[in-house]
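The values are calculated or read from the model by the stated rules, or taken from the named source; none is laboratory data. Here the structure is a predicted model, which is why all the values come from computation and not from measurement. Glycine gets a Cβ as well: all are built from the backbone with ideal geometry, and neighbour counts include every protein chain shown. Calculation scope for accessible area: heavy atoms of the full protein, side chains included, ligands and nucleic acids excluded. Shrake-Rupley method; radii C 1.70, N 1.55, O 1.52, S 1.80 Å.
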Amino acid sequence: MVIILTGFILAMIWYAPLLLKYGFFFRPPPADPLSSGGSLNHLGALLTVLALTGLICALKRRERSDILMASWFIFVLALSAGYTVGLKVLSDRILYFALFPAAAMGASIFNSMKVADSRWPVYVLVFFISVYSLCSGYGIASTVKPEVSESELEVAQWFKYNGDHKTVVVSDYHIQPLIVSIAGQPVSAGGYAPGSRGTIDARKYTVTLEYTEDDIRMDRVGYIILDTKNRKTPPYSRKVYRNRDFVVYRVEV
């Protein structure tokens with residue numbers, strides 16, 4: 001109860017102003033069920049084996065810390081499978097919250113382990129597991145490439161130094177969080193479209209181009225970003241920037 005209450009108080013620093021302004025609403029993204037063995041892929045084979053072994057030991061000892069970690073681990077695993085009963089959950093993200101109890105239970109099995117009444121083999125085993133984990137993590141990190149393209153970064157940098165930082169940028173959703181974080185320029189989806197309470201209909205500005213002066217004033221649109229494949233110039237606008245993949249138009253009404 002202390003942990004739950006403390007977490008609730010800390011969460012209210014973020015949620016209370018939003019609840020007071022917008023009320024309560026829940027608009028999750030579409031659920032993305034895990035494939036068979038998905039949990040194993042996310043947690044990793046080594047951690048899964050150690051965690052399940054630690055879980056069995058915890059259920060046998062039944063100390064307070066064991067009960068806390070086991071309950072935490074089982075609850076998160078059950079919640080990540082909520083899509084099986086119709087819950088809209090992001091299973092892969094929820095599984096992140098199982099990492100701490102899984103690691104704690106996996107590590108606990110080494111506390112009292114002995115080999116031929118000696119602790120040194122255990123220390124050697126832990127050392128090799130640590131080296132393996134570090135090498136594995138480094139190998140994964142060294143192969144991961146940023147999802148942000150050079151063209152997207154150039155657009156965000158352009159807004160940082162040339163945007164008015166007041167009016168709204170309408171564009172494809174994926175570039176908008178970058179513009180917000182680097183330039184502080186308002187965007188049509190609020191930076192995270194799936195969780196937004198209300199967003200501007202970006203399609204009429206970027207796809208159909210069927211909008212009026214009243215739409216522009218009501219939505220406070222100041223910029224429209226299209227990809228270079230689009231040959232049409234949006235109404236009431238002029239081109240102010242272009243790179244390899246994007247064209248930025250300044251809306252003038």
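When V144 is tested against (1) within 29 Å of I4 (Cβ to Cβ); (2) open to solvent by 70 Å² or more (accessible area, probe 1.4 Å); (3) modelled with pLDDT under 90; (4) not basic (K, R), only condition (1) is not met. Contact map, region 205-231: residues that are more than 23 Å from A183 (Cα to Cα) paired with residues that are loosely packed, with under 13 Cβ neighbours inside 10 Å, Cβ distance under 7 Å, separation 6+ or inter-chain. Pairs shown: L209/K232.
Answer yes or no as to whether P101 is more than 22 Å from H42 (Cβ to Cβ) and open to solvent by less than 90 Å² (accessible area, probe 1.4 Å).
no
Go through the residues of region 153-173 one by one and say whether even a single one is open to solvent by 30 Å² or more (accessible area, probe 1.4 Å), aliphatic (A, V, I, L, M) and closer than 26 Å to V221 by Cβ. Looking through region 153-173, at least one residue is open to solvent by 30 Å² or more (accessible area, probe 1.4 Å), aliphatic (A, V, I, L, M) and closer than 26 Å to V221 by Cβ.
The helices (runs of 4 or more DSSP H) located wholly in region 1-120 that include 3 or more residues which are of a type in the set (F, W, Y) and more than 20 Å from the chain's Cα centre (by Cα) occupy 64-80.
If the condition is being part of a loop (DSSP other than H, G, I, E, B), open to solvent by less than 30 Å² (accessible area, probe 1.4 Å) and either of a type outside the set (S, T, Y) or modelled with pLDDT of 90 or more (or both), then region 192-226 contributes A202, L209, Y211. May I ask you to verify whether A189 is open to solvent by less than 50 Å² (accessible area, probe 1.4 Å) and assigned to a loop (DSSP other than H, G, I, E, B)? It is true that A189 is open to solvent by less than 50 Å² (accessible area, probe 1.4 Å) and assigned to a loop (DSSP other than H, G, I, E, B).
For A16, state whether it is open to solvent by less than 80 Å² (accessible area, probe 1.4 Å) and farther than 30 Å from T199 by Cα. When the stated conditions are applied, A16 does not pass them.
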